[in-house]
Amino acid sequence: MNPERKQGIYNEKKMSTSILENRPALAAAVWQVAETAGYLWEKGWAERNGGNITVNITEHVDDEMRRMPAISEPKAIGTVLPELKGCWFYCKGTQKRMRDLARDPMANGSIIRILDDCASYEIVADNPVMPTSELPSHLSVHNYLLAKGSPYRASLHTHPIELVAMTHNKKFMEKDVATRLLWSMIPETKAFCPRGLGMVPYLMPSGVELAEATIKAIDDDYDVVMWEKHGVFAVDTDIMSAFDQVDVLNKAALIYIASRNMGFEPDGMTDAQMKELTDTFGLPK
Ligand code: 13P
Ligand code: ZN
């Protein structure tokens, strides 16, 4: 057989073996992750393998998927998460780059299912790509969201330059100091990140302690929380919406910095102007 024909058959086989084949809703969810990953790279927030994404895709799982054999050994999550029984997730792979995931989400991430012990998972498709090292935080937050009956299905961790820089100042780590400042820079910030920015003191990446501290901060009524001197963690209905919340916050940080670079401390919107937004748009805070 000529090499071109051989490659053609190989490509067809490769394509037909993707779990995304003939599953348009699942494919759309995964390709939305890929699109978001591209934005993270373009923003400069995703150096090397920086950041991670998980999406609860359980609603897209069919019987044929449930019958699929695992392509990995069971792996421990490191914690027990009872709400995740029977749940499935798309996860960025550990050490994988967002810019690569943007092109090929199933070579740079994988689909996992949680086992019945609620303490371990196995990889089901397409390739045995080990999930992100921040899996304990991501899965603990998904467990928390399900327990609360939240419609949120996506979580994002990324390294937005200006927001991370703010956490290097103790003043901004105090409750709602950064929230108030960022909200006051431009009305859209409060409208589209209406719960503000929670703060999590520095903890080692990828640990269960960081997972627990993240849940505590989200439970304090935030969709977006900062991991001090590291990055941001955001949740929302889908991954694009989680990205949007971080994007509006970082835009506000850039406006603050632009004002400081012009040589003045920005006035910010007044408390009355911000209250007017809350009242007009029925915002939660
Ligand atoms: P992973 O490559 O394991 O997803 O880690 C990236 C990261 O940002 C850790 O905090
Ligand atoms: Zn990180």
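The values are calculated or read from the model by the stated rules, or taken from the named source; none is laboratory data. Nothing here was measured: the structure is a model prediction, and the numbers come from that model. Backbone-built Cβ (ideal geometry, glycine too); neighbour counts: all protein chains shown. The protein model used for the area step is the full one, side chains on, heavy atoms only, and it has no ligands, DNA or RNA in it. Shrake-Rupley method; radii C 1.70, N 1.55, O 1.52, S 1.80 Å.
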- prompt: What angle, in degrees between 0 and 90 and rounded to the nearest 10, separates the Cα long axis of helix 3-16 from the longest principal axis of the Cα atoms of the chain?
  reply: 60 degrees
Cα centroid separation - the stretch 251-285 against the stretch 15-83, whole Å: 36 Å
- request: Calculate I(q)/I(0) for the stretch 116-170 by the Debye formula, one identical point scatterer on each C-alpha and no solvent, and give its log10 at q = 0.16, 0.19 Å⁻¹ to two decimals.
  value: -0.73, -0.91
query: Where in the stretch 79-99 is the amide nitrogen less than 19 Å from a point lying 7 Å along the Cα-to-Cβ axis of residue 219?
result: 79-85
- request: Please list the radius of gyration and Dmax for the chain, considering alpha-carbon atoms only, with Å as the unit.
  value: 20.3, 76
field: the stretch 68-202: Rg to Rh, with Rh as the Kirkwood radius over Cα pairs
entry: 1.04
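Over the residues of the stretch 72-111, compute the C-alpha Rg and express it relative to 2.2 N^0.38 Å. Before the final figure, lay out each step's value.
Details: Rg = 12.4 Å, N = 40, 2.2 N^0.38 = 8.9 Å.
So the Cα radius of gyration is 1.39 times the expected 2.2 N^0.38 Å.
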- request: Give the cross-link partners of residue 148 among the lysines, using a straight C-alpha distance below 18 Å as the criterion and excluding same-chain residues fewer than 8 apart.
  value: 85, 216
- request: For residue 191 and residue 265, compute 0.36 nm times the residue count separating them, minus their Cα-Cα distance, and round to one decimal in nm.
  value: 24.3 nm
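For an R0 of 41 angstrom, estimate the FRET efficiency from the Cβ-Cβ distance between residue 73 and residue 258 and round to the nearest 0.05.
Working: r = 51 Å, r/R0 = 1.24.
About 0.20, to the nearest 0.05.
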- prompt: What are the residues whose amide H is under 5 Å from the amide H of residue 198, where those residues sit 5 or more places off or on another chain and H is modelled from the backbone?
  reply: 224, 225, 226
field: Taking the chain and dividing mean pair separation by its residue count, relative contact order in percent (alpha carbons under 8 Å, at least six apart)
entry: 18 percent
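Would you mind getting the accessible area per residue of the stretch 11-144, heavy atoms of the protein chains only, 1.4 Å probe, in Å²? Each step should come with its number before you reach the end.
Working: 5990 Å² over 134 residues.
Here the per-residue accessible area is 45 Å².
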- request: Towards the positive end of the charge dipole of the chain, with charges on Cβ (+1 Lys, Arg; -1 Asp, Glu), say which of 132, 272, 24 has the farthest Cα.
  value: 132
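Magnitude of the Cβ-charge dipole of the stretch 171-212, K/R +1 and D/E -1, about the Cα centre, nearest 20 debye?
Working: 5 positive and 5 negative charges, 44 e Å.
Using only the charged Cβ atoms, the result is roughly 220 debye.
Sort 273-285, 140-152 by the packing proxy (mean of other Cβ within 10 Å over each peptide's residues), most packed first.
Working: 273-285: 12.6, 140-152: 17.9.
Ranked from most to least packed, the peptides come out as 140-152, 273-285.
Given a 1.4 angstrom probe, I'd like the percentage of the accessible area of the stretch 156-271 that is carbon and sulfur, rounded to a whole number.
Numbers: 2880 of 5040 Å².
Looking at the stretch 156-271 in its full context, I get 57 percent from C and S.
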statement: To the nearest 0.05, the calculated FRET efficiency linking residue 122 and residue 161 through their beta-carbon distance, R0 being 30 Å, is 0.25
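Accessible area per residue for the stretch 176-232 in Å², computed with a 1.4 Å probe and the full protein assembly in place, what is it? Display every interim value, and only then the final one.
On the way: 2240 Å² over 57 residues.
Ligands and nucleic acids excluded, the figure is 39 Å² per residue.
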The chain, helix-only ellipticity at 222 nm - DSSP H runs n ≥ 4, -39,500 (n - 2.57), divided by all residues, nearest 500: -13000 deg cm²/dmol
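If you place +1 on the Cβ of every Lys and Arg and -1 on the Cβ of every Asp and Glu, how big does the dipole about the Cα centre of the chain come out, in debye to the nearest 20? Don't skip to the answer; put the middle values down first.
Details: 31 positive and 39 negative charges, 128 e Å.
So the dipole magnitude of the chain works out to roughly 620 debye.
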- prompt: Does anyone have the angle between helix 208-219 and the longest principal axis of the chain? Alpha-carbon axes, 0 to 90°, nearest 10?
  reply: 60 degrees
field: Point-charge dipole on Cβ atoms (K/R +1, D/E -1) for the stretch 82-238, about Cα centre, debye to 20
entry: 380 debye
field: Helix 239-261 vs. the chain, principal-axis angle (Cα, 0 to 90°, nearest 10)
entry: 40 degrees
- prompt: Given labels modelled 7 Å from the Cα in the Cβ direction, how far is it in nm from residue 22 to residue 272?
  reply: 6.5 nm
